[in-house]
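Structure, as structure tokens:
The values are calculated or read from the model by the stated rules, or taken from the named source; none is laboratory data. This one's a predicted model, so the numbers in the text were calculated from it and none came from an experiment. When we count neighbours, we look across all protein chains shown, and the Cβ atoms used for this are built from the backbone with ideal geometry, even at glycine. Just so you know, the surface numbers come from the protein's heavy atoms only, side chains and all, with ligands and any DNA or RNA stripped out. Shrake-Rupley method; radii C 1.70, N 1.55, O 1.52, S 1.80 Å.
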Amino acid sequence: MSEIARDLLHEAASEIMARAAIEIPRDYRDGIRGMLGQEQHELSRFVLEAMLENWEAAEADRRAMCADTGVPRFYVKAGNEARPEGGFVALEEAVRAATAEATRSVPLRPNRVHPLWRTDHDNNVGINAPEIEYSFEPDADWIELTTVHKGGLFGTDYRMLFPADGMDGIKRFFLDTLVQFGRRGLACQPAIVGIGLGGSKDTSMTLGKQAACLRPVGEPNPDPGIAKLEAELKELGNNIGMGPMGFVGSSMVIDCHVEVGYTHTGGMPMSVHCFCLSSRRATARVHAGGEVEYRSDPRWFTPYMRRETVGWPTRLARTA
Amino acid sequence: MAHAPRTHRLSTPVSPGALAELAIGDIVYLDGVIYTGREGLYRRMVDEGMVPPVDLRALSNVNFHCSPAASVAEDGSLNLGAVTATASFRFSRFMERFFELSGAKVIVGKGGMSEADYRDLFVPNGAVYLTTVGYGTGALLGRGVTRVQAAHWLEDLGIAQAVWVLEVSRFGPLLVESDLAGNSLFERENRATAEAVERAYAGLKPPSLSRYGETVSRGDEVL
Ligand code: SF4
């Protein structure tokens with residue numbers, strides 16, 4: 001089995017760092033165009049039009065679309081048969097080096113500092129930065145690298161709800177988060193709103209963030225019940241009379257993505273995440289043979305990722 | 001009722017007459033020179049009494065709450081890419097003294113400040129607040145920068161906090177958030193959306209477990 005060359009992974013990591021920073025994903029841009037078609041309010045329209053112009057300027061000038069780099073991070077999906085040259089330690093070295101290099105070459109604003117001492121290496125690399133998360137895929141020999149540069153400060157919240165809170169609880173907390181960060185546009189909406197339901201506290205945060213950052217606009221959850229909830233929440237969010245920058249309008253939620261994980265029988269943890277007007281993500285699939293394909297849809301949530309069976313024969317599952 | 005927004009091109013230093021023309025919701029583009037400054041600059045000037053290496057008053061009366069996406073090459077040359085504002089609300093405590101020391105009349109930033117800040121700090125100093133748009137318009141604003149004159153205190157404060165002196169042309173779009181009378185666009189819009197927000201909550205029962213701070217009295221339990 002052939003190894004995936006270290007240099008190739010490094011090159012792909014550098015390329016997606018630049019692409020994510022400069023090129024707004026097509027699904028997001030088309031979604032904003034669609035919202036502009038619906039938006040009736042002049043100030044909200046003005047913001048959406050300025051953003052469309054901004055993305056054109058970014059691509060034409062090869063300039064970052066937003067000077068706030070957010071917190072660049074990586075998601076690695078490795079085929080079960082994939083073997084990176086030098087192992088995964090070498091892959092992590094390549095990803096860290098690519099982050100530092102892109103910071104200088106694009107340029108990106110150095111955003112990452114030590115939380116206490118505010119130490120800044122001016123390259124977006126440091127302790128636990130960039131974060132690298134992993135998932136695996138059966139019957140594949142490629143490695144996919146995805147980088148996400150998510151805005152860092154506003155638009156995310158977590159709450160422990162309980163089964164009795166039901167849909168009302170979910171909707172309320174969704175509204176709470178949108179309104180508290182939507183005023184004055186702190187969330188830089190319209191946002192792809194990602195919701196993590198279930199798991200434990202950290203799982204709910206992780207799933208919600210991945211739902212916001214790793215699923216394209218327009219792609220519903222394959223579970224029809226969850227897809228229905230997504231559509232309802234999107235509708236609700238666009239009917240609070242608030243648009244971009246907190247101006248009167250209807251453009252708040254460009255799409256809503258919900259991901260779930262089995263949770264404690266007594267609880268329903270929920271997290272909400274807003275992926276902003278600079279929804280920066282880019283993916284490279286690096287094949288063992290040396291080809292690299294680039295795209296903006298990470299295709300992170302594969303059927304294998306969301307696997308719902310226990311994997312062996314069992315009696316019929318009980319549902320509430 | 002709000003009037004139809006107008007578009008203004010303002011040259012620095014912006015004159016009191018030009019400021020008087022601005023109404024909230026108007027669109028503004030800037031020409032001339034502006035400088036970035038945030039807590040790094042404010043702490044040094046206001047808390048530590050340090051004097052900036054350049055005479056801000058002579059330079060421009062426009063202060064930009066911003067950290068650019070920039071890098072410094074080995075030879076010291078500056079490469080500036082995108083430019084985005086940073087949230088201004090947290091600089092409130094510095095503004096009174098800063099207005100005095102710098103003579104700034106225009107603050108450009110993100111998200112505005114409170115109506116109380118406009119009334120107590122901006123109006124007495126004849127200053128207005130212009131907000132960037134989006135807020136992700138970094139590429140458009142970066143395009144508006146024609147030359148980087150200097151980055152002061154770069155060594156000590158780092159790229160993000162240094163005082164970047166930028167020559168700009170058609171720098172924008174910006175929106176007038178506060179005018180000379182202290183009116184606020186954001187506060188106006190907050191009031192206008194309040195009713196619809198209430199309606200969206202109608203009929204949704206509150207969660208069984210509250211969060212500390214959600215209850216009115218500190219003696220209340222969250223259960
Ligand atoms: S939230 Fe997004 S658009 Fe807004 S400043 Fe941060 S990165 Fe830019």
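Magnitude of the charge dipole for the protein assembly as shown, about its Cα centre and with charges confined to Cβ atoms of Lys, Arg (+1) and Asp, Glu (-1), is about 780 debye.
Per DSSP H run of at least 4 residues, take -39500 (n - 2.57); add these up for chain B, divide by its residues and hand me the 222 nm value, nearest 500 deg cm²/dmol.
Counting only the DSSP helices, I get -6500 deg cm²/dmol.
Ordered from largest to smallest accessible area (heavy atoms of protein chains, 1.4 Å probe), the residues A:SER14, A:SER278 come out as A:SER14, A:SER278.
At a Cβ-Cβ separation cutoff of 4.7 angstrom, cysteine residues of chain A with no neighbouring cysteine are A:CYS66, A:CYS213, A:CYS256, A:CYS274. A Gaussian network model of chain A, with springs between Cα atoms under 10 Å, assigns the largest mean-square fluctuation among A:LEU52, A:LEU214, A:LEU233 to A:LEU52. Placing +1 on each Lys and Arg Cβ and -1 on each Asp and Glu Cβ, with no other charges, gives the range B:7-201 a dipole about its Cα centre of roughly 220 debye.
Estimated at the nearest 10 Å², the accessible area of A:HIS41 is 80 Å² with a 1.4 Å probe. Considering only A:ASP168, A:ASP68, A:ASP176, the mean-square fluctuation computed in a Gaussian network model of chain A, springs between alpha carbons under 10 angstrom, is largest for A:ASP168. The candidates A:TRP117, B:TRP153, arranged from most to least accessible area with a 1.4 Å probe in the full protein assembly, appear as A:TRP117, B:TRP153.
Largest GNM mean-square fluctuation among A:GLY237, A:GLY267, A:GLY225, using chain A with Cα springs under 10 Å: A:GLY225. Placing unit charges on the Cβ atoms only, positive for Lys and Arg and negative for Asp and Glu, gives the range A:100-159 a dipole magnitude near 560 debye about its Cα centre.
What number, rounded to the nearest 500 deg cm²/dmol, is the helix-based mean residue ellipticity at 222 nm of chain A, given -39500 (n - 2.57) per DSSP H run of at least four residues and division by all its residues?
After summing the helix terms and dividing by the residues of chain A, the value is -12000 deg cm²/dmol.
Positive-end ranking of B:THR193, B:VAL51, A:ALA60 along the dipole of the protein assembly as shown, with charges on Cβ about the Cα centre, is headed by B:THR193.
Within the assembled protein chains, the solvent-accessible surface assigned to B:ASP31 is about 30 Å², based on a 1.4 Å probe. With a threshold of 27 Å on the Cα-Cα distance, the over-threshold entries among B:LYS110/B:LYS205; A:LYS77/A:LYS171; A:LYS171/B:LYS110; A:LYS150/B:LYS110 are B:LYS110/B:LYS205; A:LYS77/A:LYS171; A:LYS171/B:LYS110. Put A:GLU3, A:GLU39 in order of accessible area, highest first, and with a 1.4 Å probe you get A:GLU3, A:GLU39.
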